[in-house]
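Have a look at the structure below, then the notes.
The values are calculated or read from the model by the stated rules, or taken from the named source; none is laboratory data. In this text the structure is predicted, and so the values were computed from the model without any measurement. In this analysis, Cβ positions are derived from the backbone assuming ideal geometry, glycine residues included, and neighbour counts consider all displayed protein chains. With ligands, DNA and RNA removed, areas are computed over all heavy atoms of the protein, side chains included. Shrake-Rupley method; radii C 1.70, N 1.55, O 1.52, S 1.80 Å.
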Amino acid sequence: GIETSCDETAAAVVRDGFDVLSSIVASQEDIHRQYGGVVPELASRAHIERITPIIKRALAEAGADLAAIELIGVSNTPGLVGALLVGVSAAKALAVALDKPVVGVNHVLAHAYGAIMWARGQEAKISALGAQDCRRQLQPPTVRNEAAVRFPAVALVVSGGHTSLYRVADETTFDLLGGTMDDAAGEAFDKVAAILGLEYPGGPSIEKAAEKGSPTAIKFPRTYLGRDSLDFSFSGVKTAVLYLCKGRNAQKKGRNITTHSVGDIAASFQEAVVDVLVRKTIQAARRTGARTVLIGGGVAANKRLRARLAEECAEERMPLILPPPAMCTDNAVMVAGLATALARVGRVSDRYLDAVPTWR
Ligand code: KG4
Ligand code: ZN
C-alpha cells in the first residue's frame, strides 16, 4: 500500500488483506507547521524525496523483498494533485517493473475500510489464540464492542478534508448518505486552533487544550440542517469561535479579546463538533438499519469523540468498531487493505491510472 494524498508519505506491507507486516508513516508536520497549513508544492517535493526510502523501509520491516509483492495499492483520489501523483507514479513504476497489478483506491473510502480491516485482523487473532482473555488483551480499552463487522454498516469518515457518512453494504460498496457543505470537521479543528494560537495540526492541540477546560463553559452553535439531514456544516461554529475571540470585525491577527480561557473555548468547541457528529451517525445507523458502526479519518483519533460514540452506540446496542488512532490518521495499511478487497472483486486498475484531485 502506498499513500501520498496529503502531507503523509506512507507505505505498508499487508498479507491477506488484513495482516499488517509493516506500516511506515513519515509525517511532514515539521515542514508545514511554520505556514499553519499544508503547502501543496512543499508536500509534493517532500513526497518525492521520501517515497523510495519509505517503500524500502516498509519492505525491510516486513522482511519481504519486492518479488513477494503480489499487488500494489495506491490512493489516487481525492487529495492534492501533485502529492497524489508521486504515489501513483511510484505504484505504477513498481507494477510495471514487477509485472503485478496496481489498484487505485479512494483515500476517503480507505479510511472507512480501515475499520473493517482492523476488525478482521482482531477477529483472526482472536480465533487463532482462542482463549477468552485474548480478546481483552488484544483490544485497546477504548474498544467496547465486538470485533466482528456485520453488514449493512454505517461509516463515519472524519478527516481534514472530508466529513462523510456512508452506508456500507459490503466490503467494497459504499453509498454516500451525507457530507459536509463547507468546512470538514478536521479543517474546523485546524482553523479554530489557529484562532486560539495553538500549534498545527489543530486537532491534537485542541484535544490537549480541552483537557484543561469545561465542555459546557460556552454554548457554541450546533448545526443540524434540519431533522432529517445527514449533511454537515462546521463553518458556523468556527465563526462563532472567531467572533468570540476577535470580535465581530474579526482581524485574523492580534490578541484575543475574550476573557474565556483557551481550555474552555477548546473544550466547548470540541463538544459542539462531537455532538453533531455523534447525533448524525446514530441517526444514519437507525435509518439504514445498520448492524455495525465504523469510524475512520484523523478526527476519529479524538478521545472525546471516541468516548461519546462508544457511549451512544452502547445505549443503542449498536456494535461500534473503533480502530486505534494510528489506523484512523493517514496510513498506507488501509490503502493496501481496500486494494486487496477491490482486487478480489476484479476491480484492478490499468496502467493509465491517474491522480484525480477531486472526487464525487
Ligand atoms: O485523515 P487525516 O490524517 O488526513 C486527511 O485525510 O485529511 O486527518 C487529518 C485531520 C486534521 O485536520 C487534524 O487536525 C485532525 O485530522 N485530527 C484530529 C485529531 N488528530 C488529527 N482532530 C481532532 N482530534 C484529534 N486527536
Ligand atoms: Zn486521510
Review point. Quick one: length gained pulling Asp175 to Val356 fully straight, 0.36 nm per residue minus the C-alpha distance?
Key: 63.2 nm
Study note, to complete from the structure: Per 5 angstrom bin, beginning at 0 and ending with the bin that holds the maximum distance, the Cα pairs of segment 5-46 fall in percents of 5, 22, 24, 14, 12, 10, 9, 2, 0
Point to revise | DSSP-defined beta bridges in the chain - what % are antiparallel, rounded to 5 | key: 60
Exercise for review: Would you work out the charge dipole size for the chain about its Cα centre, treating the Cβ of every Lys and Arg as +1 and the Cβ of every Asp and Glu as -1, and quote it to the nearest 20 debye?
Suggested key: 840
Practice item. Just subtract the alpha-carbon distance of Asp275 and Arg291 from 0.36 nm times their residue separation and send over the number in nm, one decimal. Key: 3.6 nm
Study note, to complete from the structure: For Thr258 the rounded accessible area (nearest 10 Å², probe 1.4 Å, non-protein molecules ignored) is 30
Check your understanding: So what J values fall out for segment 26-41 if you push phi through Karplus, 6.51 cos²θ - 1.76 cosθ + 1.60 with θ = phi - 60°, rounded to Hz, Gly and Pro as x?
Key -> 9, 7, 9, 3, 5, 6, 8, 4, 5, 9, x, x, 6, 9, x, 5
Point to revise | Alpha-carbon spread of segment 229-360, three principal axes, descending order, Å | key: 58, 43, 29
Check your understanding: For the chain, what is the calculated [θ] at 222 nm in deg cm²/dmol (nearest 500), taking -39500 (n - 2.57) for each run of four or more DSSP H residues and dividing by its residue count?
Key -> -14500 deg cm²/dmol
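Rg to Rh ratio, segment 292-360, alpha-carbon atoms and Kirkwood radius?
Using only Cα positions, Rg/Rh for segment 292-360 is 1.10.
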**Study point:** Kirkwood Rh and Cα Rg combined as Rg over Rh, evaluated for segment 15-115
**Key:** 0.97
Point to revise | Proximal aspartates and glutamates to Lys219, defined as alpha-carbon separation beneath 13 angstrom and excluding residues fewer than eight positions away on the same chain | key: Asp264, Glu271, Asp275
Study note, to complete from the structure: With bins of 10 Å, the percent of all Cα-Cα pairs of the chain per bin from 0 is 6, 25, 32, 25, 10, 2, 0
Practice item. Take the Cα atoms of segment 160-235, find their three principal axes, and give me the spread along each one in whole Å, biggest first. Key: 41, 27, 20
Study note, to complete from the structure: Computed over the chain, protein heavy atoms only, probe 1.4 angstrom, the accessible area per residue in square angstrom equals 45
Exercise for review: Report the one residue of Ala64, Val103, Gly114 whose Cα lies farthest in the direction of the positive end of the charge dipole of the chain (charges on C-beta: Lys and Arg +1, Asp and Glu -1; origin at the Cα centre).
Suggested key: Gly114
Point to revise | Gain upon complete extension [Arg255, Ile31; 0.36 nm per residue less C-alpha separation] | key: 78.1 nm
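Output needed for segment 190-273: three equivalent-ellipsoid semi-axes, defined as square roots of 5 times the C-alpha gyration tensor eigenvalues, in descending order, whole Å.
For segment 190-273, the ellipsoid semi-axes come out as 21, 15, 12 Å.
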Exercise for review: Ratio to report: Rg/Rh of segment 226-271, with Cα atoms as the point set and Rh obtained by the Kirkwood method; give two decimals.
Suggested key: 1.08
**Study point:** Tilt relative to the chain, helix 303-315 - C-alpha long axis, 0 to 90 degrees, to 10
**Key:** 80
Revision key, fill the gap. Given unit charges at Cβ for Lys, Arg (+) and Asp, Glu (-), the dipole magnitude of segment 220-360 about its Cα centre in debye, nearest 20, is 300
